[in-house]
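Have a look at the structure below, then the notes.
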Amino acid sequence: MTQSRAMGLEILRHSCTAPEILKIVEHVSAWYNGGRKGSPLQGEEIPLAARMIAVVEAFDAMTTDHVYRAAMSQERAMAELFQCAGEQFDPELVRKFAEFHEGDVSEQRREVAGRWMRGLDPEMVNSYWELNCLPSHAAPPTIDVCFQAKLLDNMYDAVVFIDVAGKSSCGTTAPSG
């Protein structure tokens, strides 16, 4: 588990060409006060997106059941974030996250997702990735394509299929339910 971030970053380095994204992922585990061993950045030196992900990731980890402990209440998790604000987390982002969390989160999610989706430029988004998942032709689906589509329909995590030649095929179907 201690190597998961480094391994994930290495995997991402082979498929992502955007140095900004790599820097964000690299520094998500940095502590705001610089107290995390192996992380040279602190405070505002840590990319804003990395500081944001750190807060949300910690809250999610605390409020989710794990095999080694039960989930905390959202109130207790929020108290933990405030207790670690200034040391592990950006205190201003913890405050803003708490304000956001107190509001109507479902409505805010719809609003932010809609704004984000309308603002996407497909060419720019695709430029971040070396592998492209654009369909090459409109041939009738093979049994493999049907299997992959059904598999993707029932999964909730990202999947990329790579054949023995290293060629990828990506699914674009969102999971239902």
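Values as computed for the structure displayed
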| quantity | calculated |
| --- | --- |
| Calculated FRET value between Lys167 and Thr142, using beta carbons and R₀ = 22 Å, to 0.05 | 0.90 |
| Distance from segment 63-86 to segment 10-36 (C-alpha centre basis), Å | 24 Å |
| Accessible area per residue, Å², segment 1-60 with all protein chains present, probe 1.4 Å | 64 Å² |
| Positive minus negative residues near Arg5 (Lys, Arg vs Asp, Glu; Cβ under 14 Å) | +1 |
| Under the Karplus curve 6.51 cos²θ - 1.76 cosθ + 1.60, θ = phi - 60°, whole-Hz ³J(HN,Hα) for segment 47-55, x wherever Gly or Pro sits | x, 3, 4, 5, 5, 5, 4, 4, 5 |
| Under 5 Å, built H, 5+ apart or other chain: amide partners of His27 | none |
| Dipole in debye (nearest 20) - segment 1-83, about Cα centre, beta carbon charges: Lys, Arg +1; Asp, Glu -1 | 220 debye |
| Eligible lysines near Lys23 by straight Cα distance, threshold 29 Å, same-chain separation 8 or greater | Lys37, Lys96, Lys167 |
| Segment 1-86, relative contact order in percent, only Cα pairs under 8 angstrom and at least six apart counted | 18 percent |
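The values are calculated or read from the model by the stated rules, or taken from the named source; none is laboratory data. Quick caveat: nothing in here was measured; it's all calculated off a predicted structure. Positions of Cβ are generated from backbone atoms using ideal geometry, with glycine treated the same way; all protein chains shown enter the neighbour counts. Heavy atoms of the whole protein, side chains included, go into the accessibility calculation; ligands, DNA and RNA do not. Shrake-Rupley method; radii C 1.70, N 1.55, O 1.52, S 1.80 Å.
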